[in-house]
């Protein structure tokens with residue numbers, strides 16, 4: 001009878017890269033403009049997405065701007081057995097076809113030296129669903145996690161340097177389903193949890209040269225207590241050991257550092273970002289069951305720090321048209337000895353294309369497409385099915401941006417000349 005063992009190995013949070021572009025389950029793309037340049041956006045200004053990538057960049061004195069981005073992610077993950085004695089005749093199995101729809105909405109305003117912004121969107125998330133009856137169903141059937149973040153920010157400009165601060169309010173929800181093995185029968189477990197907490201962030205934007213902009217950002221960890229319910233479908237003889245009940249757990253979103261640069265030359269701008277995410281906060285998974293007859297879970301995760309590199313180029317090919325291209329690499333966070341079908345974290349290589357069309361002086365539409373290749377990995381965990389994992393994801397982005405029309409350049413007789421009015425550098429303009 002494997003009921004106790006099954007409960008002890010339930011994994012609450014997966015890190016499948018079905019939606020995620022960054023290592024773990026962080027959603028790196030928060031702006032379709034930045035997505036077109038491989039996700040690089042820390043040193044970009046003019047794009048409303050700055051309220052996520054670098055709130056300090058908002059302090060450009062350019063008035064208000066806003067945008068809404070929607071991404072359609074179509075993933076496919078494959079699990080292949082690496083031990084024929086574990087599941088004789090097991091065939092490579094793909095996850096069920098599905099479409100995830102993370103979103104991001106941004107609003108910013110700047111006048112003089114000061115700026116304020118507001119971000120709301122899907123900051124972290126993952127979705128993985130294996131077909132019914134597959135050979136690894138006793139380890140995982142489906143896993144989903146979604147974090148909605150609301151982040152107000154403020155910024156100030158001090159000469160060529162801009163400083164920003166952010167408050168991050170996170171709302172998380174999770175759902176995990178798996179089959180339970182009773183030798184001569186099967187059962188099912190379903191866990192649902194939710195919670196909320198807050199963190200903070202700080203950012204710097206520096207116009208080092210007329211053609212060169214640099215950015216540095218920090219987002220603190222968010223520690224959340226999760227509460228929810230566990231529901232079990234089990235034979236009557238086991239009902240007293242696994243009744244439906246309340247459960248408690250926790251989720252910590254990691255600290256994140258990002259450094260970016262933008263260099264402009266005539267009509268072209270090159271962007272590059274390097275990020276470090278401290279995923280070592282995911283060391284152990286704990287689940288407390290309200291009923292004392294149901295064993296609690298204390299499962300090692302042992303994730304480690306991960307990094308990503310993003311770069312891209314943007315060029316204005318027409319008065320109303322801008323084209324983009326980029327590439328990225330995201331390193332995995334999970335070690336092979338805790339790799340499981342509920343959390344098959346893999347390094348990934350991404351390629352992207354994008355563009356913008358200026359519909360009006362104050363309105364633009366953005367498009368992006370990216371493909372992420374998930375590099376194969378094999379599990380060495382003694383507590384998970386012996387399997388190797390690989391896959392890919394296609395991600396399409398659509399956004400609309402609106403902004404206060406730019407003021408005409410001051411003339412020699414204008415009272416604005418010589419008054420220290422901010423002028424945006426060509427290295428950072430998104431339009």
#### Entry: Cβ-Cβ under 7 Å pairs, at least 6 apart or on other chains, the range 178-197 side on the phi > 0 side of the Ramachandran plot, far side part of a loop (DSSP other than H, G, I, E, B)
183/1
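Of 262, 311, which residue is surrounded by 23 or more Cβ atoms within 10 Å (Cβ to Cβ), touching a strand residue (DSSP E or B) at 6+ places or on another chain (Cβ under 6 Å) and at negative phi?
Exactly one of 262, 311 is surrounded by 23 or more Cβ atoms within 10 Å (Cβ to Cβ), touching a strand residue (DSSP E or B) at 6+ places or on another chain (Cβ under 6 Å) and at negative phi, namely 262.
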### Query
What single numbered condition from (1) farther than 23 Å from residue 125 by Cβ; (2) crowded, with 16+ Cβ neighbours inside 10 Å; (3) modelled with pLDDT of 90 or more fails to hold for residue 238?
(3)
### Summary
The residue that is modelled with the lowest pLDDT, considering only those in the range 283-311 that are in a strand (DSSP E or B), out of contact with any helix residue (DSSP H, G or I) (no Cβ under 8 Å at 6 or more places or on another chain) and within 30 Å of residue 259 (Cα to Cα), is 284
### Task
For residue 213, work out the one condition from (1) in a strand (DSSP E or B); (2) without any contact (Cβ under 8 Å) to a residue 60 or more places away in the chain it doesn't fulfil.
(2)
### Query
Looking at 376, 344, 292, which is the one that is surrounded by fewer than 16 Cβ atoms within 10 Å (Cβ to Cβ) and either touching a residue at least 40 places away in the same chain (Cβ under 8 Å) or under 30 Å from residue 248 (Cα atoms) (or both)?
292
### Message
Out of 370, 333, I need the residue that is at pLDDT below 95 and buried (at least 16 other Cβ atoms within 10 Å of the Cβ). Which one?
### Response
333
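Scan the range 57-80 and give yes if some residue there is assigned to a loop (DSSP other than H, G, I, E, B), within 16 Å of the chain's Cα centre (by Cα) and modelled with pLDDT of 95 or more, otherwise no.
The answer is no, given that none of the residues of the range 57-80 is assigned to a loop (DSSP other than H, G, I, E, B), within 16 Å of the chain's Cα centre (by Cα) and modelled with pLDDT of 95 or more.
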### Task
Consider residue 110 carefully, then state whether it is touching a residue at least 24 places away in the same chain (Cβ under 8 Å), touching a strand residue (DSSP E or B) at 6+ places or on another chain (Cβ under 7 Å) and either surrounded by fewer than 21 Cβ atoms within 10 Å (Cβ to Cβ) or closer than 15 Å to residue 171 by Cβ (or both).
no
#### Entry: Which listed residue is in a strand (DSSP E or B), over 22 Å from residue 332 (Cβ atoms) and touching a residue at least 24 places away in the same chain (Cβ under 8 Å), from 226, 251, 259
226
### Task
Take the range 147-167 and flag every residue that is surrounded by fewer than 21 Cβ atoms within 10 Å (Cβ to Cβ) and touching a residue at least 24 places away in the same chain (Cβ under 8 Å).
148, 150, 152, 154, 156, 158, 160, 161, 163, 165, 167
## Note on the structure
Scanning the range 169-194 for residues that are surrounded by 21 or more Cβ atoms within 10 Å (Cβ to Cβ) and within 23 Å of the chain's Cα centre (by Cα) gives 170, 172, 174, 176, 191, 193
### Summary
Those residues of the range 318-344 that are touching a helix residue (DSSP H, G or I) at 6+ places or on another chain (Cβ under 9 Å) and part of a loop (DSSP other than H, G, I, E, B) come to a total of 2
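The values are calculated or read from the model by the stated rules, or taken from the named source; none is laboratory data. What you see is a predicted model, and the numbers here were worked out from it, not measured in a lab. Methodologically, a virtual Cβ is constructed for each residue, glycine included, from the backbone with ideal geometry; neighbour enumeration extends over all protein chains shown.
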